[in-house]
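For reference, the structure discussed in these notes is given below.
Bear in mind these aren't lab numbers, they're just calculated from the coordinates by the rules spelled out. This structure is a prediction, so every number in the text was calculated from the model and none was measured. Quick reminder, even Gly has a Cβ in these numbers, built from the backbone with ideal geometry, and neighbours come from all protein chains shown.
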Amino acid sequence: MKKIGILTGGGDAPGLNAVIRAAVKTAINVYGCQVLGIKNGYDGFLDEDGIIPLGLADVRGILPRGGTILGAANRGNPYARKIIRDGKESVIDVSDEIVKAIRNLELDALLVIGGDGTLRIAHELAQKGARVIGVPKTIDNDIGGTEITFGFDTALNIATDALDRLHTTAESHHRVMVLELMGRDAGFIALQAGISGGADVILIPEIPFKFESVMAKIHQRDNEGGKFSILAVSEGAKPEGGAQLFARQGDEVFVPRLGGIGQAVAEYIEKQGFESRVTVLGHLQRGGTPTSFDRSLATRYGAAAVRLAARGGYDRMVALQGGTITDIPLAEALAVPKRVKLTDDAVVTARNVGVSFGDE
Ligand code: F6P
């Protein structure tokens with residue numbers, strides 16, 4: 001193995017730099033291999049100055065840093081790239097150019113650090129001959145075949161801290177506080193942070209809710225002397241028979257942006273006579289320094305991805321199973337997105353301790 005490339009795609013997640021650092025160190029220290037960084041996701045292959053050498057000095061001090069030194073792009077889909085030619089806007093497929101660029105650079109492997117969108121593209125590029133290896137990243141924790149993605153633990157800690165802070169102000173003012181959390185179509189952040197932060201109601205996409213059931217919980221607390229309530233609401237949660245709310249619809253290039261359900265829930269509660277406020281935690285969940293857990297997991301993933309490259313394990317993804325790092329085909333990781341199951345211990349436990357999911 002002489003030369004590998006690394007790119008970070010999709011939304012950023014705490015721990016990206018830790019993966020890059022571990023991959024660069026392992027590649028150089030163990031295999032004496034050259035490393036190239038591809039800037040801004042797949043776009044870097046097409047942009048002038050989009051490719052940079054990565055040496056040991058370049059990754060010094062980045063372990064605790066949030067974001068990614070390589071830049072990321074949420075719209076960097078080579079199969080739908082927006083271009084302006086002769087003043088006209090159009091969307092074209094540049095995937096063949098990317099595969100050609102990988103070949104021209106003589107990369108023995110391209111490490112793709114990304115969520116489901118970025119990894120799906122990697123898998124499709126692999127069908128065209130690109131030697132890709134996936135590293136599962138996302139605060140949403142929604143990638144199949146791995147117990148956990150890096151970034152998730154940091155997001156959980158930030159969300160839990162927010163719930164703790166909302167508790168004290170909710171209690172002082174006898175209010176209902178709604179915290180809208182990220183996660184797209186997976187409710188892991190709201191579920192786990194809701195448990196850790198003592199939420200009274202947790203609304204997640206996997207369990208459609210009834211407004212009346214949410215109110216029943218608030219009334220029950222009120223009757224029992226709990227003059228405030230805390231709700232952890234996934235951005236993808238939806239009422240029974242209703243639809244998810246979007247802040248922006250998607251198109252060929254943009255993925256749809258969820259948002260607004262927290263506000264809708266808070267408005268409903270207020271109309272029922274309970275003073276209510278909403279906080280949308282947003283990108284704070286992705287920013288800043290990764291937790292110790294995420295730094296360690298990201299480092300393990302980064303080193304394992306390089307070892308996998310050395311074994312020629314292309315079109316595969318490093319994964320955590322039973323607490324051990326392993327690797328699985330990308331196709332398997334992408335076949336079924338990971339979602340909260342009603343039978344999950346976390347859901348059962350939450351119900352045991354009195355949390356309402358708004359479904360009963
Ligand atoms: O997938 C990570 C994530 O943070 C989701 O939880 C959220 O819905 C989305 O990305 C937000 O994307 P953007 O940064 O493009 O607004």
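For the pair the stretch 17-42 / the stretch 132-183, the C-alpha centres are spaced 28 Å from each other.
A full extension of the chain between SER292 and SER172 corresponds to an added length of 39.9 nm, given 0.36 nm per residue minus the alpha carbon distance.
Can you give me the relative contact order of the stretch 111-153 as a percent, contacts being Cα pairs under 8 Å and 6 or more apart? Don't skip to the end; give the middle numbers.
On the way: 58 pairs, mean separation 15.4, N = 43.
Worked out over the stretch 111-153, it gives 36 percent.
Summarising the amide proton neighbourhood of GLN34: residues at separation of 5 or more, or on other chains, whose placed amide H is nearer than 5 Å comprise LYS3, ILE4.
Report the convex hull volume per residue for the stretch 202-288, counting only C-alpha atoms, in Å³. Don't jump to the answer; show the numbers that get you there.
Working: hull volume 10.2 nm³, N = 87.
Dividing the Cα hull volume of the stretch 202-288 by its residues yields 117 Å³.
Restricted to Cα atoms, the stretch 107-156 shows a radius of gyration and a Dmax of 11.7, 38 angstrom. Here, the stretch 39-87 is characterised by an Rg to Rh ratio of 1.09, where Rg is the alpha-carbon radius of gyration and Rh the Kirkwood radius. Semi-axes of the equivalent ellipsoid for the chain, computed as √(5λ) from the eigenvalues of its C-alpha gyration tensor and ordered from largest down, come to 40, 21, 17 Å.
Does the stretch 213-360 come out rounded, prolate or oblate, given a ≥ b ≥ c as the square roots of the eigenvalues of its C-alpha gyration tensor, rounded meaning a/c under 1.5 and, failing that, prolate meaning a/b above b/c? Numbers along the way, then the final one.
On the way: a/c = 2.41, a/b = 1.93, b/c = 1.25.
The shape class here is prolate.
Looking at the square roots a ≥ b ≥ c of the eigenvalues of the Cα gyration tensor of the stretch 153-222, which shape do they give, rounded for a/c under 1.5, prolate if a/b is larger than b/c, or oblate? Because a/c hits 1.5 or more and a/b fails to exceed b/c, the stretch 153-222 counts as oblate. In terms of its C-alpha gyration tensor, the stretch 1-158 has an oblate overall shape, because the principal axis ratio a/c (a ≥ b ≥ c, square roots of the eigenvalues) is not below 1.5 and a/b does not outweigh b/c. Dividing the summed -39500 (n - 2.57) terms of all DSSP H runs of n ≥ 4 by the residue count of the chain sets its mean residue ellipticity at 222 nm at -11000 deg cm²/dmol.
When the chain is treated as a Gaussian network with alpha carbon springs shorter than 10 Å, the biggest mean-square fluctuation among GLY71, GLY225, GLY117 belongs to GLY225.
Throw me the Rg/Rh for the stretch 283-360, computed over C-alpha atoms with Kirkwood Rh, two decimals.
Values: Rg = 17.2 Å, Rh = 15.7 Å.
Ratio of gyration radius to Kirkwood radius for the stretch 283-360: 1.09.
The relative contact order of the stretch 253-355, computed from alpha carbon pairs under 8 Å that lie at least 6 residues apart in sequence, is 12 percent.
With both bridge residues required to lie in the chain, what share of the DSSP beta bridges run antiparallel, to the nearest 5%? The partial results should precede the final answer.
On the way: 16 of 50 bridges.
Roughly 30 percent of the DSSP beta bridges within the chain come out antiparallel.
Relative to the longest principal axis of the Cα atoms of the chain, the long axis of helix 152-173 makes an angle of roughly 20 degrees. If each of SER196 and ARG248 carries a label point 7 Å out from its Cα toward its Cβ, how far apart are those two points in nm? The two pseudo-label positions are separated by 2.9 nm.
Compared with the dominant principal axis of the Cα atoms in the chain, helix 16-31 is inclined by about 30°.
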